[in-house]
Amino acid sequence: LAGLGYCFSASLPPMLAAGALKSIEILENNPNLVLELSSKCELMHDNFDQLPGLELHGDRLSPVKHLRLNNKDLNRSMQTEVLKAIVKKAREEKIALTVAVYLEDMEVACPLPSIRLTASVLISDEEIKEIGGKLKQICHELSDISMQ
């Protein structure tokens, strides 16, 4: 473990190490960022937890969450199509969402299709609430596509 060859081959690439150091510097200079992000994560969880036809997955304090269909009777392809329809409608409302992408033929236990959400301190509380309301409306509109 102390050999030079091992130390250099097991380290982070320089760009990733620089990014990690900068992240630590930002957090040291702005210690409230972690608390602010936690607050946004909880607000996001509260506003996206009861969307019709969807289940929210992810810890309350995690900035990364997934919305999956309640209807497990649909095959994987149909689930993905319904989620894409939600994403398309959301984009029309100026909401940027994305369907999570997996290497389905290479994953040992491939997760179910989902819409991936990411909390950020750059999103206001009002925007989170507004997006939650718009997603609720979109889900009601698309409920005839076997979401329930």
Is it true that some residue in the range 65-81 is open to solvent by 70 Å² or more (accessible area, probe 1.4 Å) and touching a His at 6+ places or on another chain (Cβ under 7 Å)?
no
Residues satisfying the stated conditions in the range 119-133, i.e. out of contact with any strand residue (DSSP E or B) (no Cβ under 8 Å at 6 or more places or on another chain), in contact (Cβ under 8 Å) with a residue 24 or more places away in the chain and not in a helix (DSSP H, G or I):
Ser120, Val121, Ile123
Among the residues listed as Lys94, Lys136, the single one being open to solvent by 40 Å² or more (accessible area, probe 1.4 Å) and either under 17 Å from Gly53 (Cβ atoms) or part of a helix (DSSP H, G or I) (or both)
Lys136
Only listed residue being over 30 Å from Gly133 (Cβ atoms) and either modelled with pLDDT under 95 or not small (Gly, Ala, Ser) (or both), chosen from Pro52, Pro13
Pro13
Among the residues in the range 98-118, are any under 28 Å from Ser143 (Cα atoms), open to solvent by 70 Å² or more (accessible area, probe 1.4 Å) and in a strand (DSSP E or B)?
yes
Please work out which one of (1) in contact with a Ser or Thr (Cβ under 9 Å, 6 or more places away or on another chain); (2) at pLDDT 95 or above; (3) open to solvent by less than 60 Å² (accessible area, probe 1.4 Å) is the condition Ser38 fails and give its number.
(1)
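The values are calculated or read from the model by the stated rules, or taken from the named source; none is laboratory data. What you see is a predicted model; the values in this text were computed from it and never measured. Don't worry about glycine lacking a Cβ; one is built from the backbone with ideal geometry, like all the others, and counts go over all protein chains shown. The area values use the complete protein model at the heavy-atom level, side chains included, leaving out ligands, DNA and RNA. Shrake-Rupley method; radii C 1.70, N 1.55, O 1.52, S 1.80 Å.
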